[in-house]
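The values are calculated or read from the model by the stated rules, or taken from the named source; none is laboratory data. Predicted, not measured: the structure shown is a model, and the values here were computed from it. Here the Cβ positions follow ideal geometry from the backbone for every residue, glycine too, while neighbour counts run over all protein chains shown. SASA here: full protein model, heavy atoms, side chains in, ligands and nucleic acids out. Shrake-Rupley method; radii C 1.70, N 1.55, O 1.52, S 1.80 Å.
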Amino acid sequence: MNYPVWFVPTLGGGLLIALVAIVHVFVSHFAVGGGLYLVLTERKALREENRALMAFVRTHTRFFMLLTMVFGGLTGVAIWFVISLINPAATSLLIHTFVFGWATEWVFFLVEIVALFVYFYTFGRMDDRTHQVIGWIYFGAAWISLFLITGIIDFMLTPGQWISNHDFWSGFFNPTFWPSVFFRSFLSFMLAGCYGFLTATFLAEETLRQRMIRYSGIWALASLLLSLPAGWWYLATLPTPAARLVHGASPTIARASTVGAFSLALLAGLLITLILLRPQARTRVLMVMVMIAAMGYLGAFEWTREAARRPFVINGVMYSNGLLASEAPRIDQDGFLKNARWVQNREVTDANRLEAGRELFLHQCFACHTIGGFNNDIIARTRNMSFNALRNYLATIHGKRYFMPPFVGTDAELQALAAYIAGGLNHKPLIEAKGAGGDQGKELFNDNCTACHGLDQIKPDLKGWPRAKIRAALDKLSALNPDMPDYTGTAADKDAIADYLAQQTGGAP
Ligand code: HEC
Ligand code: HEC
């Protein structure tokens with residue numbers, strides 16, 4: 001409300017953040033786990049006095065340095081760039097709440113960068129012990145930066161006691177902090193194994209190649225297995241609304257979980273195959289599949305974590321569209337447009353209704369819905385809904401679908417938003433006709449039910465139901481399906497809907 005909206009219609013802000021973030025975490029977690037992989041593998045080479053292995057560690061360090069410092073650094077900056085444009089209010093809140101957390105984080109980044117440069121450029125030119133110490137300093141600093149950023153990221157999911165006491169430490173050591181630290185640490189070790197495998201497939205010498213493929217495969221598989229109980233612990237600490245979303249109430253999470261489960265199975269399967277069968281041939285194809293599966297696993301996790309805090313960007317505090325939950329009641333009274341700093345229409349009139357509706361959409365819905373774009377397209381989602389249906393839907397949008405914030409603003413503003421979606425986007429008439437007699441049930445159905453399903457979708461379920469059964473069901477729709485809210489109309493309205501449905505589905509009167 002206090003910031004302008006960056007309008008990227010086809011992609012949508014949320015997807016843009018997700019794309020940059022997933023690529024970034026794929027590298028930044030490697031930056032942590034890879035540090036441990038390097039020092040331990042170097043130690044192995046020293047103990048065995050194995051020159052070929054030491055040469056491998058050195059090549060891998062070079063790849064590691066280029067990838068994490070250049071690509072990881074750039075995508076890290078890109079995240080700041082994107083989040084501050086797409087969600088300036090939340091970014092500002094995070095910066096203000098954790099000033100010293102960020103400052104500490106950046107100190108450790110600096111230590112990381114310096115240590116890695118020293119580690120790489122002194123390879124073979126420093127005594128072994130000191131070189132190992134530098135490697136450990138790198139890994140320690142990298143892990144602490146994971147530790148620090150986890151506190152801030154999980155604060156967004158579960159701010160816990162911070163909501164009442166606004167204490168830095170309560171926010172940092174929030175309820176999901178520890179499970180998340182463990183889960184992410186194991187993920188980072190898993191990625192270290194996957195990337196180790198990647199470099200190993202390029203080794204020319206047959207025995208060393210097979211040995212390193214196997215070694216990296218064991219790293220990855222063991223960490224993957226360890227990540228499972230940590231992930232389970234993570235899920236178990238989620239508070240109720242988030243846990244409900246993760247367990248099925250959110251359609252986007254349901255899709256992400258499928259991707260995650262498939263990736264997990266694929267990854268585990270491939271790694272086991274590699275370790276057990278020790279393929280003789282160069283395994284580039286498998287390598288690509290392992291990397292894609294690892295990315296799927298990590299991506300599904302990050303997506304789920306982001307979606308689990310919906311409709312909030314900071315759970316219980318700030319909605320995804322940047323509105324503070326505590327401000328909502330006041331704005332409902334005063335009006336949203338009057339309070340927003342970056343809108344042109346401050347009052348809804350007959351002349352500017354659609355324009356004002358568009359501004360309301362941008363400020364309240366665009367955070368999660370595109371207009372004719374890839375992700376969660378509002379036009380497709382509202383194709384079946386009439387103007388009246390939208391008005392009803394918006395009035396209790398948060399109650400019907402927990403993962404969406406309530407509409408915030410006056411009744412005139414709600415009407416303007418409904419008019420924009422129905423008329424402006426879907427080109428539907430905006431007349432408020434109240435039909436006579438027989439049409440009433442149809443109208444009530446259209447207004448109250450089509451937001452989630454048209455008649456065609458539920459017709460098969462209602463086949464053979466007598467009218468009395470339909471009428472009884474209307475008293476408790478949530479019993480039919482837990483995702484369906486109870487209908488709150490009058491008994492006469494329910495009668496009308498039951499008549500209409502019975503007539504449409506051929507149920508006995
Ligand atoms: C926090 C994210 C978020 C915000 C903000 C949001 N929505 Fe949604 N919306 C969703 C998700 C997620 C879905 C379900 C998508 C699916 O089924 O895959 C959805 C679905 C819908 C649907 C389809 C009907 C349904 O219940 O599934 C409509 C209509 C809709 N949203 C309207 C709006 C309007 C209007 C606004 C602004 C007032 C809004 N949404 C704000 C996330 C959001
Ligand atoms: C917020 C979304 C939502 C609204 C609003 C809604 N429903 Fe549903 N309804 C659902 C979901 C989800 C299902 C399960 C979908 C499926 O099985 O494909 C469902 C299924 C049904 C079924 C089939 C039940 C079965 O046995 O599977 C009937 C009948 C039904 N709804 C009637 C209604 C009526 C009548 C209204 C309006 C008064 C309504 N619904 C409003 C979400 C909704």
Asp154, Asp350, Asp332, Asp127, reordered so the largest accessible area comes first (probe 1.4 Å): Asp350, Asp127, Asp332, Asp154
Measure off, as a whole percent, the carbon and sulfur share of the 1.4 Å-probe accessible area of region 13-319, all protein chains present. 73 percent
Nothing charged except the Cβ atoms of Lys and Arg (+1) and of Asp and Glu (-1): what's the magnitude of the dipole of region 439-505 about its Cα centre? Round to the nearest 20 debye. 320 debye
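My understanding is that a pair violates if its Cα-Cα distance is over 22 Å; which of Lys400/Lys469; Lys400/Lys476; Lys428/Lys476; Lys428/Lys469 do that in this structure?
In this structure, Lys400/Lys469; Lys428/Lys476; Lys428/Lys469 exceed 22 Å between Cα atoms.
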Which value in nm describes the separation of the simple spin-label points at Thr490 and Gln457, placed 7 Å from the Cα toward the beta carbon? 2.9 nm
Given the -39500 (n - 2.57) contribution per DSSP H run of 4+ residues, what per-residue ellipticity at 222 nm results for the chain, rounded to the nearest 500 deg cm²/dmol? -21500 deg cm²/dmol
Calculated FRET efficiency for the pair Arg62/Val99, C-beta based, R₀ 22 Å, to 0.05: 0.05
Which whole-Hz ³J(HN,Hα) couplings does region 240-246 yield from phi under the Karplus relation 6.51 cos²θ - 1.76 cosθ + 1.60, θ = phi - 60°, glycine and proline marked x? 3, x, 5, 4, 5, 4, 5
Trp6-Arg125 FRET efficiency (beta carbon distance; Förster radius 51 Å; 0.05 resolution): 0.55
Long-range Cα-Cα pairs in the chain (distance over 39 Å), rounded percent: 38 percent
So how much slack lies between Thr207 and Phe168, counting 0.36 nm per residue of separation and subtracting their Cα-Cα distance, in nm? 8.8 nm
Run the numbers for Arg330 and Val107: contour at 0.36 nm per residue of separation, minus the present Cα-Cα distance, in nm. 76.1 nm
Per residue, in Å², the accessible surface of the chain once ligands and nucleic acids are set aside, probe 1.4 Å: 46 Å²
Which loop chymotrypsin sites (Phe, Trp or Tyr not before Pro) in region 233-342, with loop taken from DSSP, have no more than 14 other Cβ atoms within 10 angstrom of their Cβ? Trp342
Which residues make up the longest stretch of the chain that has no trypsin sites (Lys or Arg not before Pro) in a DSSP loop with at most 12 other Cβ atoms within 10 Å? 126-340
Extension gain, Ala351 back to Ala52 (0.36 nm per residue minus Cα-Cα distance, nm): 99.9 nm
Sort 403-412, 198-207 by the packing proxy (mean of other Cβ within 10 Å over each peptide's residues), most packed first. 403-412, 198-207
So what is the relative contact order of the chain, in percent, for Cα pairs below 8 Å that sit 6 or more residues apart? 15 percent
Relative contact order (%) - criterion: Cα under 8 Å, at least six apart; region: region 439-505: 48 percent
If you project the alpha carbons of region 325-425 onto the principal axes, what extent comes out on each, in Å, largest first? 31, 31, 24
In nanometres, what is the gap between the two model label sites at Lys44 and Val259, each 7 Å from Cα along Cα-to-Cβ? 3.2 nm
